[in-house]
């Protein structure tokens, strides 16, 4: 589907001891775990090259929104606030930043940041809602224009209402 993407994500054992493809390596799925900066930087370089390709093809950076689910949302957050703060926006679903995230350090230096829309299931047992909420509060303290939408009665998943709200939000933030 996306032929321009390279298939280079790390693989690790997590869910029921099955190999899983992930965006970057984690020591643990825990908000207190240390980040693996080298692994994040490696995939961010590839994602940034993809953004650069879109810009080269004539899409203005202020019309590019990054988004992701779970670790993909964490990666989107890194892209928007650590690597490409001039993007139009960022949308995450069931995602979080570690307590010691480098994004927080970077945001202490940046003046302009894109808006953030966060969705999170209230019944998420893999990435607890409290982690998404803490990420939201931390980013808000660092002057990110962020909105957290709790989704009742869902686990670690995406539901249609998120997609509709995502679409409306993007249409509202993109320049004409």
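Read the figures in this text as sums done on the coordinates, not as results from a lab. All figures in this text were calculated on a predicted structure; none of them were measured in a lab. Cβ atoms come from the backbone with ideal geometry, glycine included; neighbour counts cover every protein chain shown.
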How would 131, 169 line up from fewest to most surrounding beta-carbon atoms within 10 angstrom?
169, 131
Counted neighbours (other Cβ, 10 Å), sorted fewest up, put 119, 69 in the order 69, 119
Burial ordering of 156, 164, fewest other beta-carbon atoms within 10 Å first
164, 156
Arranged from highest to lowest average of other beta-carbon atoms within 10 Å per residue, in what order do the peptides 134-141, 35-42 appear?
134-141, 35-42
Pairwise FRET efficiency - residue 49 versus residue 125, Cβ, R0 = 22 Å, nearest 0.05
0.05
Checking the a/c ratio against 1.5 first, then a/b against b/c, what shape does the Cα gyration tensor give for the range 124-176?
oblate
